[in-house]
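The values are calculated or read from the model by the stated rules, or taken from the named source; none is laboratory data. Values in this document were obtained by computation on a predicted structure and should not be read as measured data. Backbone-built Cβ (ideal geometry, glycine too); neighbour counts: all protein chains shown. The area values use the complete protein model at the heavy-atom level, side chains included, leaving out ligands, DNA and RNA. Shrake-Rupley method; radii C 1.70, N 1.55, O 1.52, S 1.80 Å.
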Amino acid sequence: MHMPDPDKTVLSRRTEIIAALRRIVPGEGVIAEEEELRAYECDGLTAYRQLPMIVVLPETTAQVSEILKYCHGEGIKIVPRGAGTSLSGGALPLEDGITLGLGKFNRILDIDYDNRCVTAQPGVTNLAITTAVAGDGFYYAPDPSSQIACSIGGNVAENSGGVHCLKYGLTANNLLGVEMVLMDGEVVRLGGKYLDSGGYDLMGIVTGSEGLLGVITEVTVRILRSPSTARALLIGFPSSESAGDCVAAIIGAGIIPGGMEMMDKPAIHAAEAFVNAGYPMDAEALLIVELDGPEVEVDELIQRVDMIARENTAQSVRISSSEDERNNFWAGRKAAFPAVGRISPDYYCMDGTIPRHRLSDVLTRMTELSEQYGLRVANVFHAGDGNLHPLILYDANTPGELDKAEEFGAEILKLCVEVGGVLTGEHGVGVEKRDLMGEMFTETDLKQQQRVKCAFDPTQQLNPGKVFPTLHRCAELGRVHIHEGQTRFPDIPRF
Amino acid sequence: MSEKFTPQTPKETCEIISDALAAETPIEIFGSGSRRLIGRPLETEYALSTSALKGVNLYEPDELVLRAGSGTPMSQLRMQLDQHGQMLAFEPPDYGPLVGTPADSGSLGGVIAGNLAGPRRIKAGAARDHFLGVDAVSGRGELFKSGGRVVKNVTGYDLCKLMAGSWGTLGVMTDITVKVLPAPEKTRTVLAACVDATTAVSAMTAALSSPHEVSAAAWVPQNIALRSAVSYVSGAGTALVALRVEGIGTSVDARCASLRDELSAFGDVDELHSHNSEAFWEEIRDVRFFADDGGGSSLWRISVPPADAPNLLDGLHKDIDLEAFLDWGGGLIWVRVAQMQDAGSYVIHRTMGGTSGHATLIRGNVYQRTREPVFHPEPVPVARLTRKIKEAFDPKGILNPGRMYEGV
Ligand SMILES: Cc1cc2nc3c(=O)[nH]c(=O)nc-3n(C[C@H](O)[C@H](O)[C@H](O)COP(=O)(O)OP(=O)(O)OC[C@H]3O[C@@H](n4cnc5c(N)ncnc54)[C@H](O)[C@@H]3O)c2cc1C
């Protein structure tokens, strides 16, 4: 993975830069010892590692602004970092860059039930927001599996999803406002406790921008009243095709479940061995369908889904009759990643999205690829919205196996695009999928995205080397190319 | 009258914009023209209508996705969705009649370009939240795409978010992909007498904080309720809070019963069933109560934190002659200002000074739309970003120049 060439002058000035940062963030907020820097050398994509030049942990927006202003003036690169759980290397440090950690921004600032929202600092974990309001019967809907660890700022930067986003939307659909600091130190507020933007939806473009547009220092999200009931069905199928048909039939019947997750046989077996959730071991595919809402509604929809499942050749159907049982259904799915981690020394988690009706084609092709590469693969799948998480099993200690796993992964993602899907459904591009962007976008598409980057960060010092395969200078991107041979505006003199 | 181009294909759209760029000549971009009178007035010699870029070219009900040319009439889309029991869940409103254009003449592109949304906004999101992918021609004369046809997608920047609500100032959208959802089996509305805005917002807050999944919450004062075509509303003889409940039959019945119980603390309750419920929410969605401009009245759409609405309304009532009703549980205030030279702009912005939110002048005469901020003034650093975004898409300022802000 080629990263931007380190700036030798910046590296040679390290001591001076540390001193300058210590003047802004006193005490232990500036980390410069190699031993301590180790903790920041990678994010959740552990195959890529790089020691940052320096780590700084500011505590106030004013400090963030000072740091950025200083770095802007000195030409120093910045990598924002939340909890470091990104699976695409978005928070991967740069050799000549400062990793700006938001870990000390860990307070919930305001719980406002009248306006049904919570304002939090970006380092607060996703789950902590729900925990803060759960006692009053509310929750924050997007629930990435990493929710005990990942930060709300990181969620905004990645536009994270979760098992409930089929019905309740991604981060972008639940976000009301942000405060952020631009690379030149300017503090801007976008949105607030009200809906929609009066002008351009700048908050919308910042959501999912992977730390390339600004450092988020405050987040306001909508909270919802918790549903009065939730029940789940655990359905075993003789083939992933019939499971896919069942998903289509449920949605075709006008039912949008709170969650709808699929696992294939290798994933079922790994999960069962890990948590003993009572999954049907003879099933080729397993579907967990959760219905939530008023009790009468849930009871009725459970019956309807049960019928649809049987019409679609379900081998086994279990319906949860208690919270314990429902949680048990989920236990295996939620532990799927670590469970796969137990049956293989390493695994590589992919994240493409496909149009759902192409599922069986994609799975068949994936089986062929698995044989071709000689690597096993287990699939967990946000079935309702077509977001596929193939887990490629490999052993990093076997020479060449990581490379093989990455190649295999790239093939899968290309396949997703080929069938009408996309490279990443929720984990982001980061460094991992950066060089695959050309599979989905033309040079024109990518340049238009980069011009947006230039509007926010014209010197391109924020998280460079991520998302875009080729770096262009903003001046070059801004140039207008006129096509000669005008015909339709003949009477207008040209300048 | 300007010369009008009606490109038949995205490629032709691209050629026209390239020509305009080469000539550095501004060009008005519109769809069907139903919202042409919203925004700051444009004086361009040329115009481009997307009306020929029409037709649904992909609709997969099981996948909840639809792609269509941006000029596709909303009426046609609705028909196709109806056949499959589906809908655009953000309840696209029709503001045509508010500004003197025929009802139901809007296009998909117009709805998206204005990021419009009806009463279900509070539960289902706005146009932006259902906008999955776009093909568009930038002011650089380049055809670009963003997004895709799947809901879960974080590949690259989501330029759809910028296109939604940019009123044709960033690009000419040629193809639009949206998420569609099943239409509810049943709809019902609980009405409760609530004389003043403060009580009304409390009642709506209670309902929206309940587990009853209220999908719309509005308050109409008595004089406005009188104009409703729904007799239960016009004949109620009081100001009303209305709460909509949708879903499967048994669930709707149960939730309505609970809501009636809980609301009786606020005032007398009643219920609207299917047809009446639909008719009433269309009136709210399309702001029909204010369709008549009553001889030069202007119309504002104000989005605020719901809890701030009563105070803001009080403040406005003190200084201007107006009528208002609330949607979005108080978060959206529709204000009709009786004839005033500045459309009430000064007082509205001054009174909003203390709160966050934004006011948009939906109906105003040419003078008002030229002199007053039609779109809410942005703080300096945000305005700077807005300009830079405009430059990123349209460096020569040829697409709907100045429609939102001067120089943008
Ligand atoms: C076991 C596991 C399960 C996961 N499950 C899911 C899942 O179900 N759904 C899902 O969507 N994701 C999932 N993820 C991915 C990851 O948790 C999310 O992407 C998460 O939002 C990252 O948050 P973070 O705080 O760890 O961010 P980091 O990893 O620290 O950073 C991620 C990116 O955001 C930027 N960033 C972070 N904070 C800020 C800020 N304050 N301002 C500006 N930029 C910032 C960084 O520069 C980086 O580019 C999972 C990860 C793991 C390890």
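Table for the structure above
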quantity	calculated
Those residues of segment A:443-466 whose amide nitrogen sits under 20 Å from the label point placed on A:Arg479, 7 Å along Cα→Cβ	A:443-455, A:458-460
For chain B, calculated [θ]222 nm from helices alone, where every DSSP H run of n ≥ 4 adds -39500 (n - 2.57)	-8500 deg cm²/dmol
Shielding score for B:381-388, defined as the mean number of other chain Cβ atoms within 10 Å	6
FRET efficiency, A:Gln372 to A:Glu443 (Cβ-Cβ, R0 30 Å, nearest 0.05)	0.45
Whole-angstrom gap from segment B:212-252 to segment B:306-346, using each part's C-alpha centre	20 Å
For segment A:380-419 and segment A:297-373, distance of Cα centres in Å	17 Å
Pairwise label distance in nanometres, A:Asp299 with B:Glu45, each label 7 Å out on the Cα-Cβ vector	7.3 nm
Peptide-level mean, for A:182-195, of C-beta atoms on other protein chains within 10 Å	5
For peptides A:68-80, B:171-183, B:249-261, sequence by mean Cβ density within 10 Å, most packed first	B:171-183, A:68-80, B:249-261
Projected area, mean over directions - the protein assembly as shown, Cα convex hull, nm²	35.9 nm²
Shielding of A:203-211 by partner chains, average beta-carbon count, 10 Å	5
Förster radius 51 Å - calculated FRET efficiency between B:Thr9 and B:Asn311, Cβ distance, rounded to 0.05	0.45
Separation between Cα centres of segment B:77-113 and segment A:53-79, rounded to whole Å	47 Å
Per residue accessible area of segment A:8-101, 1.4 Å probe, in Å²	42 Å²
At least 40 Å² accessible surface lost relative to isolated chain, residues of segment A:275-298 (1.4 Å probe)	A:Pro294, A:Val296, A:Glu297
Amide H contacts under 5 Å for A:Glu426, placed H, 5+ residues apart	B:Val154
Placed amide H near B:Lys179: partners under 5 Å, 5+ positions off or other chain	B:Phe131, B:Leu132
Extension gain from A:Arg342 to A:Glu323, taking 0.36 nm per residue of separation minus the Cα-Cα distance	4.1 nm
Heavy-atom accessible surface that B and A bury in contact, both chains counted, 1.4 Å, Å² to 100	8000 Å²
Dmax and Rg, reported as Rg then Dmax, of chain A (C-alpha, Å)	23.9, 78
Candidate residues A:Leu100, B:Leu42: accessible-area rank, largest first, probe 1.4 Å	B:Leu42, A:Leu100
A:Lys104 versus A:Arg310: modelled label distance in nm, points set 7 Å from Cα along the beta carbon direction	6.2 nm
For a label point 7 Å along the Cα-to-beta-carbon line of A:Thr9, residues of segment A:35-74 with backbone N under 13 Å	A:73-74
Among A:308-316, B:89-97, the order from most to least packed when residues are scored by Cβ within 10 Å on average	B:89-97, A:308-316
Volume in Å³ per residue [convex hull over Cα atoms, computed for segment A:108-225]	97 Å³
Nearest-ten-degree value, helix B:10-22 long axis tilted from longest Cα axis of chain B	70 degrees
Stretch gain in nm, segment A:Thr459-A:Val419, where the contour uses 0.36 nm per residue and the Cα spacing is subtracted	10.7 nm
Restraint check, A:Lys167/B:Lys161; B:Lys54/B:Lys123; B:Lys54/B:Lys179; B:Lys123/B:Lys318, Cα-Cα greater than 27 Å	B:Lys54/B:Lys123; B:Lys123/B:Lys318
Inter-site label distance for B:Gln83 and A:Asp114 at 7 Å from Cα along Cβ, in nm	5.0 nm
Highest-first arrangement of B:375-388, B:231-244, A:396-409, A:468-481, where packing means the average Cβ count within 10 Å	B:231-244, B:375-388, A:396-409, A:468-481
With 10 Å bins from 0: P(r) over segment A:8-101, alpha-carbon pairs, percent	17, 53, 28, 2
